[in-house]
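Report on the following structure.
The values are calculated or read from the model by the stated rules, or taken from the named source; none is laboratory data. The shown structure was predicted, so the numbers you read here are calculated from the model rather than taken from an experiment. All Cβ positions, even for glycine, are placed from backbone atoms using ideal geometry, and neighbour counts span all protein chains on display.
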Amino acid sequence: MAQDESTVDVAQSRVRPAFEAALDVGERVLRERPTMEHVLLLLFFVTGVYMYWGAREFSETAAEFPQLMAGATAILSFLILARNYLRLVAPILLAGLGVYALYTGGTAFVDDGGGLFRIVVGVLLFVGGVAFRERVGESAESFVAEPMQVLGEQDLDVPGGDETDEEADSGAMYVYEIDDPKGPVVTGVLCIGYMLLTFTIGMLYATPIFVAAWALWVRMDVIRATVLVVLSLLIAYLFYDIIQSDISEGWWTGWQPTPPDELIGLSVYVVDALSLGVIG
């Protein structure tokens, strides 16, 4: 037993210097000490970029919504990660988005005469990022790095007693400090699980399962959790029914679980058959 403990101590003594060195490098790059918040933001950024790239397999109409959401997730995560460089990063990012919009709009215009709206938006974004770079940097900094301007002074200046009362009234939901790794780690694991489940059984049923797991983690009361799960299933079904039916299929497995409308129709058929059997 003592030998096992000494082995663990030796391993920790070797790993800790490398870990501290990595944190020092991260601190020089980010201009702040890395925490699990940065790991979670990096996960969101990578997932957003991957989802945006993967949505190219959809039709042009079906790809608009997932690309919009994935792009917004990647951009916002990147801005928060680079919050100490916003005066430099924000104008460059805005101009880069303008160039990308110009490229995609110009390509569409050459192919079928469309894409005019993207061209106009691209010009506006590029001119804004270049000509108004200082104002863009200040605006991004005030939005991302100064929460007092977003939340308001009263929301931030909360006495300890009132904060305790608010946490007690929050339905016993899990609350963590930003340096506490438990909350971000669990959130990151849930996001990875959601992505893997999406590739296995499709987004249609993976979405309510993810919401149910998250509600269970934060110890949400049953009524609110049920409402959220049902709402998430409804949103996923609307996306499936109106925009893209392929989200009900696992991209890795090719398995397509029976969608809710067919399940409802099957249940009605079974009930009718049973009722006719009873009457007969």
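Assorted remarks:
- Cβ-Cβ under 6 Å pairs, at least 6 apart or on other chains, the stretch 36-49 side touching a residue at least 12 places away in the same chain (Cβ under 8 Å), far side of a type in the set (F, W, Y): F45/F78
- Filter result (more than 30 Å from D221 (Cα to Cα) and either in contact with a strand residue (DSSP E or B) (Cβ under 7 Å, 6 or more places away or on another chain) or at pLDDT below 50 (or both)) within the stretch 116-165: M148, Q149, E153
- When G114 is tested against the conditions (1) in a helix (DSSP H, G or I); (2) more than 30 Å from P34 (Cβ to Cβ); (3) out of contact with any Lys or Arg (no Cβ under 6 Å at 6 or more places or on another chain); (4) not polar (S, T, N, Q), the lone failure is (1).
Residue by residue, here is whether (1) surrounded by fewer than 17 Cβ atoms within 10 Å (Cβ to Cβ); (2) under 27 Å from V185 (Cβ atoms); (3) among the polar types (S, T, N, Q) holds:
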site	(1), (2), (3)
G202	no, yes, no
I209	no, yes, no
M220	no, yes, no
I223	yes, no, no
L228	yes, yes, no
I247	no, no, no
W252	yes, yes, no
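- Subset of the stretch 102-141 (residues that are farther than 17 Å from E64 by Cβ, exposed (fewer than 14 other Cβ atoms within 10 Å of the Cβ) and among the charged types (D, E, K, R)): E134, R135
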